[in-house]
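K.L.:
Below you will find the structure I want to go over with you.
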Amino acid sequence: MRISRGGAIVAAVLAGALALTGCTSGNSTAPEASTAKTTLVVGKSFDLSTADPARSFETTGGIFGRAVYDTLLTFAKGDATTPIPMVAESYEANEGATEYTFTLRDDVVFSDGTPLTSADVVFSFDRVKNIQGNGSFLMEGLSVSAPDESTVVISSDEPNTAIPAIITAQTLGIVNSELVKENGGTDAADASTTDTAEEFLNTTSAGSGPYIIETFNTETETVIVANPNYWGEPAAYEKIVLKNATAENQLMDIQSGTIDIALDLGADQLPAIESNPELAIESGISPTIFFLFSNASPEISKVTSTQAFRDAVKYGLDYDGLLEIAGEGSAQVPGVIPSVFFGALKPGDAAVRDIDKAKAAVQELGDIDPISLEYPSDFSVAGISFGTVAERVQANLKEVGLEITLAPAPISTALDSYRAGTEQMGLWLWNPDYPDPADYLVFAPDKLVGLRAGWTGGSNPDLVALADKAAVATEEAERADIFREFQLTMNEVGVFAPLFQPAATVVAGKDIEGAVFSAVFGIDLTYIGK
Amino acid sequence: MLFRFILSRLGSAAILAVGIILVSFVLTALLPGDAATSRLGERAAGNPEIVAAVRARYGLDQPLYVQFFIYLGNLLRGDLGTSIRTQKPVLSDLAQFGPASAELAIVATIVAVIVGVGLGIVASLRANGLVDQALRVVSLGGVSIPIFWLALIAVYVFSTLNRVFPSSGRLNPGQTPPSQVTGMYTLDSLLAGDLTLFASAISHLILPALVLSAPMIGLLLRFTRSSMLEVLGNEYVRAAEAKGLPRHTVILRHVLRGALVPVITVLGTAFASLLAGTVLVEQIFGWPGIGAYAFRSASNLDLPAIVGVTLFVAIVYITVNLIVDFLYGIIDPRIRRA
Amino acid sequence: MTSPAADPALAPDGIPIRRSRWFPARQRLPAAWRRPLAVVGIVIILTWTILAILAPWVAPHDPLAQNFGRYLAPSADHPFGTDVVGRDILSRVIYGARVSLPLAVLLVTLSVLVGATVGAIAGYVGGVVDAALMRIVDLFFAFPAIILAMAVAASLGPSLTNAVLAIVVVSWPAYARVTRSLVLSLRETNYLAASRLLGDSSGKALVKEVMPNVAGPVLVLASLELGNAVLLLSGLSFLGLGAVPPSAEWGSMVSSGAAVFYNYWVALFPGLAIFSVVLGFNFLGDAMRDALDPRSARSVATSEL
């Protein structure tokens, strides 16, 4: 390689110059604490906006919030299906799944030593509900009460089996109600305008988790340190640094030992480190789904709203080729529910490319103008950029005679047309809000994402009925059947074409124990080092 | 006389500032989409109540001209508004990211002055010789190289193949920044007497600063050369040489002094226009500065932040020009009247 | 080596020329040709122009065909390797010339048209019109170009057309300033006084007398700006604010190689292409600047910043 040799010389010269000026750059690239391992450095491409759990809904906020704020229930290491006790030592549901009763542990204390009681839980949950933040929908249709100091009751208007999964969400982390109230917090109905505790919570933690906030910065790095008053087994590290870095910088930093864990490496970047004996690569499957939609509203497009067009897309896509783009470890998602959650379809149910059928559908469409495919251009997940996927989709459909033009936009602009339902075709993703299939009913006609694809209920009354039934079903086998039928019908209609779930990779130094991908949190920092 | 000159310049600078705010306002208002709602999660965006509340919180429900006058009013009180993306006052964002970029730009400028002016002098003394031709290629190469590409190569060579420099950031992870005096970590760490921190700060700074200096080196080299040649051709220089003064004395005493004045003006303009370079360089080096802030704000349509950054950069530009004008005014009083 | 101070023979820009007694004919060559770098520049630009025109015949593969393995290292089949979706990078680099060269020319032409018109009017009419126009010019000068370009691209959606427009908006003031100062200096000369005596109307004089005299320096500035135009456009595309996939644009190709930097070929070759084209333009522009008379050369040199 030409540049490496020349570069080495220049590097040597520069290094010499540096040494002359008295700064030894050699040792500054390695973190000082790497020998003692009391500090853990985690590289993450930040999407951080707040440290207030009630307002936080982003991945990065969840990762560090998980270590600072405890929830009623949580998940075991690497699992995303069965909630296990945390602050609540047990819970039971009533017959109709409309009321859940949680019994709290009596030994949980906040970082300032105050005991955690049911009043804190009620305050935290009501605050989330009334603050009108990104996570407020979690409390939609739910109400919370505390019959006594160690009991919390959550009741729902409709039967809702998703409640145990919902309350694992980091947004529903339990805060010290006294402390937060003292600093401007409120759970009143007008909390959206009267709650002023965010600033306080961005500098101080008011939780009962194993770590507390030292510095919170949304652009550079956020540091948490061990909570000396933690009620459980003490934290494994004295300090955890979350460093904001792009995937490419994470790749360099994990190799140089500047960071201990890299969370955003894509499958394409792994070959560079596979042979590195000091690094361990933990791969899982991400619960994020990439999907395409063809707008079902004739007002937006007379073409994309036809069955022929949907068929052309469904049969024209080369799903295996897309997996190649998504990288090793990714998987085709057979329905809208990702494989890691209850209710997912089986791989055999997935759509298969059928060039003849696709071409026949294109023939049926006749002579049409190119359709524009919109996607966010400045956004990538697990190393996969939307642009690359869109380019492959375009090439796939061209092979069957369907002309697509690409219309990227920065995500802030692209979201606008997506949410307004004006895109002819869109390429987007869905991250789970909570690990339950009920979260995926948004894809139904008349529902949140369905409407973005211009899909109203009138055209598919059966699907609307199925979705309504799925939402209130409580019996496990019945739920499984309904969600299966729901997804198969969705696939049949083909307004949405589910594409794939990317691989999720956690790369960590060999000396780091327990750095495992979590489908719920991304990574659960509290399990690391244990 | 001088006072009036400065006053009139300040006056037009203020008008310029209002114009810049107006342009950025109109521009951003023409855009589809808004930052406030695009920050909402998928579920919250589906709730019209939440959307309306968020728009109201950032004053986006007001007509544009009202927003404009509210902004001007706040500005007079020193309030640049709150960034929608970082949710912090734009002023405190600027205070956080400005010094980071300034540090980068200043070091890049120092490097460029030493290398560019030095080589420019060499080139002028060997005008049209082989060395001059070679330096001409260096100079044109400097202004021709795509800085983002140079940055990628630099990171690859010096942070991956050879781990000479860290790849990103301003300090090692977990290192606490020095207490803010100037906001430039190299200076602040020295002021705090912390040499470890200083070593870390400077090792993070060198690579991006060198990359950023490349086009400036090219520019200064060319300009110094032609400025030197112009002076070298002057009567008084030849007279001095004829008087039998040693050549280096002539060059140091007479030529350099005359030749470097125009170079200062170029330097001023070049420094102010480093921003385009910092946007790209900061992006690649993960340098938390104004350039990266500007990029993220613009792509998120974060109006208060965009206007704030624009204003900040324009003020730097105007100030630098004022200083240059002022220097010129002192050196050559005729300009004041023009 | 002759000391320049000892040799009073100076080129128009104050740069001494060593006259050759043996080749007096060289003096009659266009100034640009006396400089070897200018020739190199012309060769580079001509080569790229030819490659752009003949791309369909020269490029070994369809630049959009995703027929090959992903991230193949350079080999005999793919001298520049393949990219993220398995396209031949050499073919894309060649086709990239079809994007960057014409757009750079278009961009600079538009800027010159707008800038020179405004500058000429300001300089020729003078008075309030001049003052008002120049304040607008100041405004756009102080406006950070890259932010404007980013905001336009972010709002109207990234596309090369929008990127070109955004750059035009921030680059025309340079031409306006140069043109104005040239026109101002012309106003004082005999040309215009003479034509006024002859009873020419303002408009006619502007076209007949001013234009030809202003054209030279402005064209030099324009040639210097061609390189910058390529850099700015590719920079915006690198940030994802210019070219739209799957178009073979060099800046976006470099960008796609950033995350997989150890597959160095993805970013290396398109970057080299940008570098070489800009270098070619700058070699050429530099020589043209040298060939220009000193006064305007100075104004061109400063306004170029």
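K.L.:
So which residues in the stretch A:491-512 are over 23 Å from the mean Cα position of the chain (by Cα) and touching a residue at least 40 places away in the same chain (Cβ under 8 Å)? Explain how you work it out, then say what you get.
P.N.:
Residues of the stretch A:491-512 over 23 Å from the mean Cα position of the chain (by Cα): A:491-495, A:509-512.
Within the stretch A:491-512, A:N491, A:V493, A:G494, A:V495, A:G509, A:K510, A:D511, A:I512 qualify.
Rundown of residues vs (1) in contact (Cβ under 8 Å) with a residue 40 or more places away in the chain; (2) crowded, with 22+ Cβ neighbours inside 10 Å, yes/no style:
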{"site": "C:I94", "(1), (2)": "yes, yes"}
{"site": "C:R98", "(1), (2)": "yes, no"}
{"site": "C:S111", "(1), (2)": "yes, yes"}
{"site": "C:V114", "(1), (2)": "yes, no"}
{"site": "C:G123", "(1), (2)": "yes, yes"}
{"site": "C:V129", "(1), (2)": "no, no"}
{"site": "C:A151", "(1), (2)": "no, yes"}
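K.L.:
Let me ask something else about it. Might you check whether a residue that is touching a residue at least 24 places away in the same chain (Cβ under 8 Å), under 22 Å from A:S518 (Cα atoms) and either of a type outside the set (S, T, N, Q) or surrounded by fewer than 23 Cβ atoms within 10 Å (Cβ to Cβ) (or both) occurs anywhere in the stretch A:220-233?
P.N.:
Yes, the stretch A:220-233 contains a residue that is touching a residue at least 24 places away in the same chain (Cβ under 8 Å), under 22 Å from A:S518 (Cα atoms) and either of a type outside the set (S, T, N, Q) or surrounded by fewer than 23 Cβ atoms within 10 Å (Cβ to Cβ) (or both).
K.L.:
For the stretch A:260-293, enumerate the residues that are in a loop (DSSP other than H, G, I, E, B), of a type in the set (A, V, I, L, M) and over 13 Å from A:E328 (Cα atoms). Walk me through it before giving the result.
P.N.:
Taking the stretch A:260-293 as the starting set, the residues that turn out to be in a loop (DSSP other than H, G, I, E, B) are A:260, A:263-266, A:273-278, A:286-288.
If we keep only those that are of a type in the set (A, V, I, L, M) too, we end up with A:263, A:265, A:273.
Within the stretch A:260-293, A:L263, A:I273 meet the criteria.
K.L.:
Hey, another quick one. Name the residues in the stretch C:110-152 that are within 13 Å of C:A176 (Cα to Cα) and β-branched (V, I, T), would you?
P.N.:
Those that are within 13 Å of C:A176 (Cα to Cα) and β-branched (V, I, T): C:V112, C:V114, C:T117, C:V118, C:I121, C:I136, C:V137.
K.L.:
Go through (1) without any contact (Cβ under 8 Å) to a residue 60 or more places away in the chain; (2) within 12 Å of chain B (Cβ to nearest Cβ); (3) among the hydroxyl-bearing types (S, T, Y) for A:T422 and report which single condition fails.
P.N.:
(1)
K.L.:
Which one of these is modelled with pLDDT of 90 or more, of a type in the set (D, E) and out of contact with any strand residue (DSSP E or B) (no Cβ under 6 Å at 6 or more places or on another chain): A:D356, A:D367? So that I can check it myself, show each step before the final result.
P.N.:
Working: A:D367 fails: modelled with pLDDT of 90 or more.
After ruling out the rest, the residue left standing is A:D356.
K.L.:
Further, regarding this structure: Provide a single number: the residues in the stretch B:249-288 that are touching a residue at least 40 places away in the same chain (Cβ under 8 Å), under 30 Å from B:N172 (Cα atoms) and among the β-branched types (V, I, T).
P.N.:
3
K.L.:
Same structure, new question: What are the residue pairs meeting all of these: first residue in the stretch B:52-66, first residue closer than 17 Å to B:L301 by Cα, second residue modelled with pLDDT under 80 and not aliphatic (A, V, I, L, M), Cβ atoms under 9 Å, and 6 or more apart or on different chains?
P.N.:
As it stands, the answer is B:V54/B:T37; B:V54/B:R39; B:R55/B:D34; B:R55/B:T37; B:Y58/B:D34; B:L60/B:D34; B:L60/B:T37; B:L64/B:F25, since those pairs meet every condition given.
K.L.:
Of the residues A:A390, A:A331, A:A350, only one is aliphatic (A, V, I, L, M) and within 14 Å of chain C (Cβ to nearest Cβ); which? Before the answer, list the steps.
P.N.:
Numbers: A:A331 fails: within 14 Å of chain C (Cβ to nearest Cβ); A:A350 fails: within 14 Å of chain C (Cβ to nearest Cβ).
Just a single option satisfies the conditions, and that option is A:A390.
K.L.:
Going through the stretch C:53-110 one residue at a time, which ones are among the aromatic types (F, W, Y) and within 28 Å of the chain's Cα centre (by Cα)? Give the derivation first.
P.N.:
Start the filter on the stretch C:53-110 by keeping residues that are among the aromatic types (F, W, Y), which leaves C:57, C:68, C:71, C:80, C:95.
Selection gives C:W57, C:F80, C:Y95.
K.L.:
Right, something else. Can you tell me which of (1) within 14 Å of chain B (Cβ to nearest Cβ); (2) surrounded by 23 or more Cβ atoms within 10 Å (Cβ to Cβ) is the one A:L104 doesn't meet?
P.N.:
Only one criterion is unmet by A:L104, namely (1).
K.L.:
Limited to the stretch B:185-200, what total is found for residues that are more than 9 Å from chain A (Cβ to nearest Cβ) and crowded, with 23+ Cβ neighbours inside 10 Å?
P.N.:
Counting residues in the stretch B:185-200 that are more than 9 Å from chain A (Cβ to nearest Cβ) and crowded, with 23+ Cβ neighbours inside 10 Å gives 2.
K.L.:
Still on this structure: Identify the residue in the stretch B:291-320 that is closer than 18 Å to C:L236 by Cβ, among the hydrophobic types (A, V, I, L, M, F, W, C) and in contact (Cβ under 8 Å) with a residue 24 or more places away in the chain and, among all such residues, is surrounded by the most Cβ atoms within 10 Å (Cβ to Cβ).
P.N.:
The qualifying residue surrounded by the most Cβ atoms within 10 Å (Cβ to Cβ) is B:V309.
K.L.:
Restricting the stretch C:148-187 to residues that are within 14 Å of chain B (Cβ to nearest Cβ) and among the charged types (D, E, K, R), which is nearest to A:T405 (Cα to Cα)?
P.N.:
Only one residue tops the list, namely C:R177.
K.L.:
Now a separate question. Hey, can you tell me all the residues within the stretch A:307-328 that are assigned to a loop (DSSP other than H, G, I, E, B), farther than 15 Å from A:K398 by Cβ and either out of contact with any helix residue (DSSP H, G or I) (no Cβ under 7 Å at 6 or more places or on another chain) or not charged (D, E, K, R) (or both)? First the steps, then the outcome.
P.N.:
Of the residues in the stretch A:307-328, the ones assigned to a loop (DSSP other than H, G, I, E, B) are A:317-318, A:327-328.
Right, trim to farther than 15 Å from A:K398 by Cβ and you get A:327-328.
Selection gives A:G327 alone.
K.L.:
Confirm whether A:V442 is within 14 Å of another protein chain (Cβ to nearest Cβ), surrounded by fewer than 21 Cβ atoms within 10 Å (Cβ to Cβ) and assigned to a helix (DSSP H, G or I).
P.N.:
Details: within 14 Å of another protein chain (Cβ to nearest Cβ): yes; surrounded by fewer than 21 Cβ atoms within 10 Å (Cβ to Cβ): yes; assigned to a helix (DSSP H, G or I): yes.
In short, yes.
K.L.:
From A:T196, A:T168, A:T203, A:T161, grab the single residue that is touching a Lys or Arg at 6+ places or on another chain (Cβ under 8 Å), on the phi < 0 side of the Ramachandran plot and in a loop (DSSP other than H, G, I, E, B). Show your work before the answer.
P.N.:
Details: A:T196 fails: touching a Lys or Arg at 6+ places or on another chain (Cβ under 8 Å); A:T168 fails: touching a Lys or Arg at 6+ places or on another chain (Cβ under 8 Å); A:T203 fails: touching a Lys or Arg at 6+ places or on another chain (Cβ under 8 Å).
After ruling out the rest, the residue left standing is A:T161.
The values are calculated or read from the model by the stated rules, or taken from the named source; none is laboratory data. Please read these numbers as outputs of a predicted model, since none were measured by experiment. Note that we place each Cβ from the backbone using ideal geometry, even for glycine, and neighbour counts take in every protein chain shown.
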